[in-house]
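Notes follow once the structure below has been shown.
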Amino acid sequence: MTISQGHDVNPAIHAVSRMDAGWWRERFLRKQHHVRHDISDLVWFGDSITHNWERHGPPAWQDFAPVWQAYYGDRRALNLGFRGDDTRNLLWRIAHGELEFRHAPRVFVVMIGVNNLGHLGQCAGQAAGGIRRIVERIHRAFPDSTLLLPGILPSLRSAWVTSQTVRLNHMLRTYAALRGRWLHYIDLAQCLQTGGRVDASLFMDPLLSPPALPLHPRALAQARSAQRLAPLMCRLLGDPP
């Protein structure tokens, strides 16, 4: 199985702005200041799962910020996660300023795609084409930087989404294996599993009011993901474990 080649008929590769949403526009402009004025060694691109690193508790299940501080606080890390974004929105962001760093970041993390499979209803091949387009544009802008591509996290939204998630991750793993040393794929599925099965108690969505289907990891599961990423992150950044 090969990754989508990103033909123009693929909607996942066409940039789409969300500047008409007030909160999104404000966040985008605020983050532009950090991109253009700060020195960032570690840059996270993503959707709500990345955006959630900025959440504070209580309750404990949404107290993400201390975990971010523990793992990334001394690494000049920049969070460019926007809730609700899919590959189209991230493509718009990187085309409109989110790659305008004064100094090349050492590592980029690209964690996007759950919304392509979710509210957009796009298949794995379409989402893979969008992710590939993002990765290649970042690499073209910063050829000496390393990209880290975590697999799409499992969820309990539907059997179709689960099957497409598995397929998409297989495509991303194959794609990364052919790119060389600048792109690394890592599977994080086990961070949301207990006994080999996706564990609903590791998601925050059922705890919301009203409750929702399990999609977003709670703080404990995000900590597990950070722990799983830690050895590779240390090696890529040249930090002690």
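The values are calculated or read from the model by the stated rules, or taken from the named source; none is laboratory data. Since the structure is predicted, the reported quantities are computational estimates derived from the model, not experimental observations. A quick note on method: Cβ atoms are made from the backbone with ideal geometry, for glycine too, and the neighbour counts reach across all protein chains shown. Heavy atoms of the whole protein, side chains included, go into the accessibility calculation; ligands, DNA and RNA do not. Shrake-Rupley method; radii C 1.70, N 1.55, O 1.52, S 1.80 Å.
Tabulated values for the structure
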item	result
Condition met for Tyr185 (in a helix (DSSP H, G or I), in contact with a Lys or Arg (Cβ under 7 Å, 6 or more places away or on another chain) and farther than 19 Å from Val67 by Cα)	no
Unmet requirement for Ala141, which otherwise passes all of (1) under 17 Å from the mean Cα position of the chain (by Cα); (2) within 27 Å of Ser40 (Cβ to Cβ)	(1)
Test for Leu188: is it crowded, with 17+ Cβ neighbours inside 10 Å, aliphatic (A, V, I, L, M) and under 17 Å from Leu220 (Cβ atoms)	yes
Filtered residues of segment 19-33 (kept if farther than 21 Å from Arg102 by Cα and within 18 Å of the chain's Cα centre (by Cα))	Trp24
Selection status of His170, in contact (Cβ under 8 Å) with a residue 12 or more places away in the chain, open to solvent by 50 Å² or more (accessible area, probe 1.4 Å), at negative phi and not in a loop (DSSP other than H, G, I, E, B)	yes
Those residues of segment 122-136 which are open to solvent by less than 50 Å² (accessible area, probe 1.4 Å) and of a type in the set (S, T, N, Q), in sequence order	Gln122
Test result for Gly57, farther than 25 Å from His184 by Cα, among the small types (Gly, Ala, Ser) and either open to solvent by less than 80 Å² (accessible area, probe 1.4 Å) or in contact with a Ser or Thr (Cβ under 7 Å, 6 or more places away or on another chain) (or both)	yes
Residue satisfying all of: in segment 60-77; open to solvent by less than 40 Å² (accessible area, probe 1.4 Å) and among the hydrophobic types (A, V, I, L, M, F, W, C); farthest from Arg224 (Cα to Cα) among these	Ala77
Residue match in segment 173-185 (condition: closer than 21 Å to His139 by Cβ, in contact (Cβ under 8 Å) with a residue 60 or more places away in the chain and among the polar types (S, T, N, Q))	yes
Test set (1) modelled with pLDDT under 95; (2) in contact with a Gly (Cβ under 6 Å, 6 or more places away or on another chain); (3) not charged (D, E, K, R) - Asn169 fails condition number	(1)
Qualifying residue in segment 25-33 (condition: surrounded by 15 or more Cβ atoms within 10 Å (Cβ to Cβ), in contact (Cβ under 8 Å) with a residue 40 or more places away in the chain, among the aromatic types (Phe, Trp, Tyr) and under 27 Å from Ala141 (Cα atoms))	yes
Residue within segment 140-153 that is within 16 Å of Arg106 (Cα to Cα), out of contact with any strand residue (DSSP E or B) (no Cβ under 6 Å at 6 or more places or on another chain) and assigned to a helix (DSSP H, G or I) present	yes
In segment 191-216, the residues that are open to solvent by 40 Å² or more (accessible area, probe 1.4 Å), free of Cβ contacts under 8 Å to residues at least 12 places away in the same chain and assigned to a loop (DSSP other than H, G, I, E, B)	Gly195, Gly196, Leu208, Ser209, Pro210, Pro211, Ala212
First in segment 34-58 and under 15 Å from Leu99 (Cβ atoms), second anywhere and surrounded by 21 or more Cβ atoms within 10 Å (Cβ to Cβ) and basic (Lys, Arg), Cβ under 9 Å, 6 or more apart	Phe45/Arg93
Identity of the residue in segment 79-100, farther than 14 Å from Val114 by Cβ and of a type in the set (Asp, Glu), that ends up most open to solvent (accessible area, probe 1.4 Å)	Glu100
Unique match (being modelled with pLDDT of 95 or more, under 21 Å from Val109 (Cβ atoms) and in contact with a Cys (Cβ under 8 Å, 6 or more places away or on another chain)) among Ala221, Ala176, Ala189	Ala221
